[in-house]
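Below is one structure, written out as structure tokens; comments come after it.
The values are calculated or read from the model by the stated rules, or taken from the named source; none is laboratory data. Only a predicted model underlies this, so the values are computations on that prediction, with no experimental measurement involved. Every residue, glycine among them, receives a Cβ derived from its backbone with ideal geometry; neighbour counts consider all protein chains shown.
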């Protein structure tokens, strides 16, 4: 079978999500997130019928078109998202930034 045969069996929206994940570091939905993390039990539970039928082809696509560092475990997926510049925990990052600015303000008031 040719590469195109495998690629054509993957739903278009899933291919788009995979490319966005690879190129822009955009976190995919739960189904693909679990596929990328190699947690296939939950991937199957989160899949719709179309993605369930294409699961083998989606895994093949990952093995062909994703860097090894970008998939295979939760740690690799989280690291990939982080390396692409997206905060892993946006609320935590916002909280820490606010806390840091408040601490700076307190330090300045101590100097007065």
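If I ask for residues that are within 12 Å of the chain's Cα centre (by Cα) and loosely packed, with under 15 Cβ neighbours inside 10 Å, which ones from the range 1-33 would you list?
Listed by number, the residues that qualify are 19, 20, 23, 24, 26, 29, 30.
Regarding residue 36, is this residue over 22 Å from residue 8 (Cα atoms), modelled with pLDDT of 85 or more and buried (at least 18 other Cβ atoms within 10 Å of the Cβ)?
Judged against the criteria, residue 36 is not a match.
Would you please list the contacts, defined by Cβ atoms under 8 Å and residues six or more apart or on different chains, that run from a residue in the range 70-93 that is within 13 Å of residue 25 (Cβ to Cβ) to a residue that is loosely packed, with under 14 Cβ neighbours inside 10 Å and at pLDDT below 60?
Matching pairs, first to second residue: 78/88; 81/88; 82/88.
Conditions: (1) surrounded by 14 or more Cβ atoms within 10 Å (Cβ to Cβ); (2) over 15 Å from the mean Cα position of the chain (by Cα); (3) modelled with pLDDT under 95. Residue 44 meets all but one. Number of the miss?
It is condition (3) that residue 44 fails.
If a residue counts only when it is touching a residue at least 60 places away in the same chain (Cβ under 8 Å), which helices (runs of 4 or more DSSP H) contained entirely in the range 6-52 have at least 1 such residues?
Correct list: 12-24.
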